[in-house]
Each structure stands twice: as structure tokens, then as C-alpha cells.
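Coordinate-derived values only; no laboratory data. For clarity, every value in this text was computed on a predicted model and none was experimentally measured. Here the Cβ positions follow ideal geometry from the backbone for every residue, glycine too, while neighbour counts run over all protein chains shown.
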Amino acid sequence: KEVQQAQQEVPAENNTLLQTNQWQFWNTQPVPKMDDPFPETSGPIDVIKKPEDIQKDPYNLPAGFEWCNLNLKNQDDLDQLYTLLVENYVEDDDNMFRFDYSREFLRWALSPPGQYEDWLAGVRVTKTKKLVGFISGIPVHMILQKKEEVIKMTEINFLCVNKKLRSKRLAPVLIKEITRRVNIKNMWQAVYTAGVLIPKPISIAQYFHRSLNPKKLIEINFSSLGKNQTMARVQKLYKLPEETTIKGLRPFNKKDAPTVAPMLNKYLEQFDLYHKFSVEDVKHYFAPVDNVIYSYVVESEDKKITDFFSFYCLPSTIINHPKHNQLRAAYSYYHFSTATPLKDLIYNALILAKKYDFDVFNALNLMENTQFLDELLFSPGDGNLHYYLYNWRLSEQFKPSQLGMVLV
Ligand SMILES: CCCCCCCCCCCCCC(=O)SCCNC(=O)CCNC(=O)[C@H](O)C(C)(C)COP(=O)(O)OP(=O)(O)OC[C@H]1O[C@@H](n2cnc3c(N)ncnc32)[C@H](O)[C@@H]1OP(=O)(O)O
Ligand SMILES: CNCCCN(C)c1ncc(F)c(N2CC(C(=O)NCc3cnc4ccccn34)C2)n1
């Protein structure tokens, strides 16, 4: 009571000394505090535990709610997850856009090789069975700085609580429950990203956008006309050829997986954080699926694969716009180059994205992406993507160029 009283008297910005409620949940978790110093060597934060130390039963939910495992092969579960996210998932700060991950996309992103059936954790209203909360984990083999050490961990994503149930501390319960389900599988680390700042980012990447349909982007206020720019001038500036320009460019197919996997892993070795792709992973993640994932290889005269790029399809709902209701966005995913310069590969990705009627092509400034952002006319976005590790303290802050992994 007296703290609240004191906080009222002291202006918010400088009552941090009195701040007793900041990071109330995250301060209980094995993640670095915002102002922790860096240790000599990287390593786990928590005491080493065993699966048998982990509680067997799920965390308690408020009365009237129950846990469920989603099975995305079941159309009804898939519909419920799609509906929860399309109505309640990430929006920009001005609430103009909300992600619209499609059903096909969710099945692709959440059913990789080795997936566990209890890592798609949902919360339902007991009476109506309506899905009102969700969090997902998928298994990944991560390489962290030391090239020979592969850490089996989970990649967490799609944390979502129905808008009507916000600020009831449901997120910590979802996070603790997925942690329990991962620990039981003898895995103790996680990787995740978020637009929000929480303790404690290992790196902060920035979004960049390349206009493909500038007229629509300006109409929906995604972009704006520069002061001495006309619409005609802007459309000319961003115009792309009808056809691709790289000889030997063709869609990736599953038969390429045994060749592409080792080449992709080799390319990613230059970074300090990335995951190792099995041949099965490459088959799953890169087999083209319309309106989900687009992947291409460059094949030389003697049928050798020399280069690879991919982008994923993530539309956004345009909230309350009279003329447009969907922004079609393509996001740069994984690539490698051994013969064709990266900027030529991505230039061809732009040509293909335009051909598939995307409005914008987004990329982060991680991996070697800064090599092409300026030349291919990307502009910096307002979104930052914070990268996080759970239960792992790094010996240094990573620059985005040290990151070799893209989450959807
Ligand atoms: C070893 C295995 C470990 C596995 C787990 C690894 C960790 C995984 C971590 C999750 C990775 C997710 C990756 C993605 O999916 S990032 C995308 C997250 N989803 C959205 O932004 C969708 C729209 N928003 C919502 O649905 C809700 O606002 C959510 C569910 C996000 C919070 O619900 P609500 O707004 O009703 O709040 P609350 O009262 O329940 O809880 C408040 C507490 O929650 C902390 N909070 C708020 N937003 C986030 C966030 N994005 N990551 C982590 N923590 C977050 C907040 O700081 C506060 O804690 P503290 O400040 O008091 O300490
Ligand atoms: C945990 N998963 C990480 C990736 C999720 N991804 C794709 C994402 N995470 C945070 C962002 F900041 C972001 N941005 C793309 C940039 C952008 O396009 N901003 C305008 C915009 C259009 N639609 C939306 C929807 C929500 C937020 C901003 N939006 C900013 N993307």
C-alpha cells in the first residue's frame, strides 16, 4: 500500500528505486537481469536438473479454463488456432495491422520433424471449449558460438492470449507450462524472438522493407510519399523485370535436400547462433507450398547446385480500411551463395515475389543481409525484433550480423 502511495507521489519515470513490480515474472526466470555483467564464458543459468525433478502435472489455470494439446492434422484444432491468432495475435504499435498466419502456414511451421504432441499447448474455456490461449514449441538443434557443440533446445513462438483475457497473468502460466513440457524431454534451453523488450535480448535485429506495390502501400499508410516524390516516380523507382535474371534458377524440390542441407549448414557456420538442419528438416522447411514457403536453387551447366534462397508468405490484416483488407508480405528466410552474389539472389527473390503478387518484401539486418539492403532499395522499418535465449548466459552481446537464424 505504502509503495503504491509513494509511487503516486514520485513521477513514474524516476521512481525505479521504488519499482517493486517491474519484471515480476521475468525476475523469477533463468534469464539475465537487464543490467547483469557478461561472464567470461557462456553457459546455463539454472542449476542442472533432471527430468525426474520436474513436476508431472500441469500448472494450475484459473477456474473455468483447461489445458489441451492441439493436433494440427485435425481440421477443427487447426481452425481454432487460426481463429485465435487472426483475431488476437501481434499488431503494430498503431493497431493498423495484425498478422494473419494462414492455416497451411501454421501446419508447416508447427509440424517439423521430431515434433512432440504436447508442445502445442492450448488453453480452452471448459464450458464452451473455445480456444483462448496458446504457446508453441518446436525442437531445434542449436549451435551457440562453439562450432562443435550442438544443444538440443526448443524454439518458442505463437504465444497468444485472447484480447478479452489480457493482463490476468495468463502469459506466465503458458510460459511455465511449456517450460515444464520441454524440461520433461530433458531439454533446458529455448530460443525465441519478440517485438517487445523483456529481460534480456542477446541481440536486436531491425526490419527492412522493399516496396513491390508502392501504390497500395501508400494507400494503406504502410509507406508514405516523400515530400518531392510523385506516385509515378515512386512506381518507376520500384519497378522490377517480369522475368528472373539468373541462368539456371529453378524451384527447389525435395530431391535437392541431400545436397542443400550440407551446403546450408556450411554457410551458417560463419555465424555465432544458428541451427543445424537435417536432410529431413530441409525437406520439410523448404519444399515449396503455395502461399506459405517459396524456395529456389541455382543449378550450373553441369547440374551442380551453387546457390539457394527462400522466402515465406505472412499476410497481415489491414484493420478497418475502406478499400484494402489484406497486406501480402513476403519475408526473406534462409539462403546461401557460393557462385551468385547474394544481392543478385535476393534481387531475383524480389522479382518472384512481385510475380506472386506480394505487396512488400521484408528482411532483417541479420546474417549478411546488410550487403543487399541499400542497393535493392530496402527502407528501415519501425519494428525491432529482439532475439532471446532462455537459461543461457552469453559472454557477449551479439551484433545482428552474428545471428544465423530466422524465426517465422
Ligand atoms: C527450456 C524451455 C523454456 C521455454 C520457454 C522460453 C520462454 C518463452 C517466452 C515467450 C516467447 C514468446 C515469443 C512470441 O510468441 S512473441 C509474440 C507474442 N504474442 C503477441 O504479442 C500477441 C498479442 N499479445 C498477446 O497475446 C498477449 O499480450 C501476450 C500473450 C503476449 C501477453 O499476455 P498479457 O498481455 O495478457 O500479459 P499477462 O498479464 O498475461 O503477463 C504479463 C507478463 O508477460 C510478459 N510478456 C508480455 N509479452 C510477452 C512476450 N511477447 N514474451 C514474453 N513475455 C511477455 C510481461 O513482460 C509480463 O511479465 P513481467 O514484465 O511482469 O515479468
Ligand atoms: C515471433 N515471431 C517473430 C516474427 C514475427 N514477425 C514477422 C514480426 N514480428 C515483429 C515485428 F515487428 C514484425 N514486423 C514486420 C515489420 C512490419 O511489417 N511492420 C508493419 C506490420 C505489418 N503487419 C504487422 C503485424 C504486426 C506488427 C507489425 N506489422 C515489423 N514482424
(request) For Ser278 paired with Asp57, estimate the spin-label separation in nm (one decimal), with each label point 7 Å from Cα along the Cα-to-Cβ line. (result) 3.5
(message) Which of rounded, prolate or oblate describes the stretch 160-265 when judged by the alpha-carbon gyration tensor and an a/c cut-off of 1.5?
(response) oblate
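What net charge do the residues around Lys343 carry, taking every other residue with its C-beta under 14 Å from that of Lys343, with Lys and Arg at +1 and Asp and Glu at -1? Don't skip to the end; give the middle numbers.
Values: positive: Arg210; negative: Asp307, Asp344, Glu368, Asp374, Glu375.
Every neighbour counted, the sum reads -4.
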(message) Quick check: Cα centre of the stretch 141-177 to Cα centre of the stretch 334-408, how many Å?
(response) 22
(request) State, in angstrom, two size descriptors of the chain derived from its alpha carbons: Rg to one decimal place and Dmax to the nearest whole number. (result) 22.4, 77
(request) Give me the aspartates and glutamates in straight-line cross-link reach of Lys176: C-alpha distance below 18 Å, same-chain residues under 8 apart excluded. (result) Asp46, Glu52, Asp53, Asp57, Glu66, Glu117, Asp118, Glu155
(request) First measure r as the distance between the Cβ atoms of Val196 and Lys303, then evaluate 1/(1 + (r/R0)^6) with R0 = 60 Å and state the FRET efficiency to the nearest 0.05. (result) 0.80
(message) Using a 7 Å offset from the Cα along the Cα-to-Cβ direction at both Gln371 and Gln145, what is the distance between the two label points in nm, to one decimal?
(response) 2.6
(request) Round to the nearest 10 and give me the degree value, 0 to 90, for the angle of helix 170-183's Cα axis relative to the longest principal axis of the chain. (result) 80
(message) Based on Cα coordinates alone, diagonalise the gyration tensor for the stretch 61-117, multiply each eigenvalue by 5, take square roots, and list the semi-axes in whole Å, largest first.
(response) 22, 18, 10
(request) Would you tally the net charge around Ser211, using a Cβ to Cβ cut-off of less than 11 Å, leaving Ser211 out, and scoring K and R as +1, D and E as -1? (result) +4
(message) How tilted is helix 257-268 with respect to the longest principal axis of the chain? Cα atoms for both, answer in degrees (0 to 90, nearest 10).
(response) 70
(request) Could you tell me how many degrees, from 0 to 90 and to the nearest 10, lie between the Cα long axis of helix 342-355 and the main elongation axis, the longest principal axis, of the Cα atoms of the chain? (result) 90
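Can you tell me the length gained on complete extension of the stretch Asn291 to Asn325, counting 0.36 nm per residue apart and subtracting the Cα distance? Intermediate values should be presented prior to the final figure.
Details: separation 34, 0.36 × 34 = 12.24 nm, distance 1.68 nm.
Taking 0.36 nm per residue and subtracting the Cα distance, the gain is 10.6 nm.
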(request) At 7 Å along the Cα-to-beta-carbon direction for both Asp76 and Met231, put a label point, then send me their distance in nm to one decimal. (result) 4.8
(message) Let me check I have the definition right: for the stretch 304-408, take the eigenvalues of the Cα gyration tensor, multiply each by 5, take square roots. What are those semi-axes in whole Å, largest first?
(response) 25, 22, 12
(message) Using a Gaussian network model on the chain with a 10 Å cutoff between Cα atoms, which of Gln19, Gln75, Gln326 fluctuates the most?
(response) Gln19
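Ignoring everything except DSSP H segments at least 4 long, calculate the 222 nm mean residue ellipticity for the chain; use -39,500 (n - 2.57) per segment, divide by total residues, nearest 500. List each step's numbers first, then the result.
Values: 10 runs with 95 residues, N = 408.
Value at 222 nm, helices only, nearest 500: -6500 deg cm²/dmol.
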(message) Under 27 Å between alpha carbons, and skipping anything fewer than 8 positions from Lys216 in its own chain: which lysines qualify?
(response) Lys227, Lys236, Lys239, Lys323, Lys343, Lys354, Lys355
(request) Would you mind telling me the antiparallel percentage of the DSSP bridges in the chain, rounded to 5? (result) 90
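Multiply the residue separation of Phe38 and Ala171 by 0.36 nm, subtract the distance between their alpha-carbon atoms, and state the gained length in nm to one decimal.
Details: separation 133, 0.36 × 133 = 47.88 nm, distance 2.81 nm.
This chain segment gains 45.1 nm when fully extended.
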(message) Of Trp188, Ser111, Leu366, which is farthest towards the positive pole of the chain's charge dipole, taken about the Cα centre with +1 and -1 on the beta-carbons of Lys, Arg and Asp, Glu respectively?
(response) Ser111
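Past 23 Å, Cα to Cα: identify those pairs from Lys254/Lys276; Lys200/Lys399; Lys130/Lys152, in the order given.
Values: Lys254/Lys276 18 Å; Lys200/Lys399 14 Å; Lys130/Lys152 33 Å.
In this structure, Lys130/Lys152 exceed 23 Å between Cα atoms.
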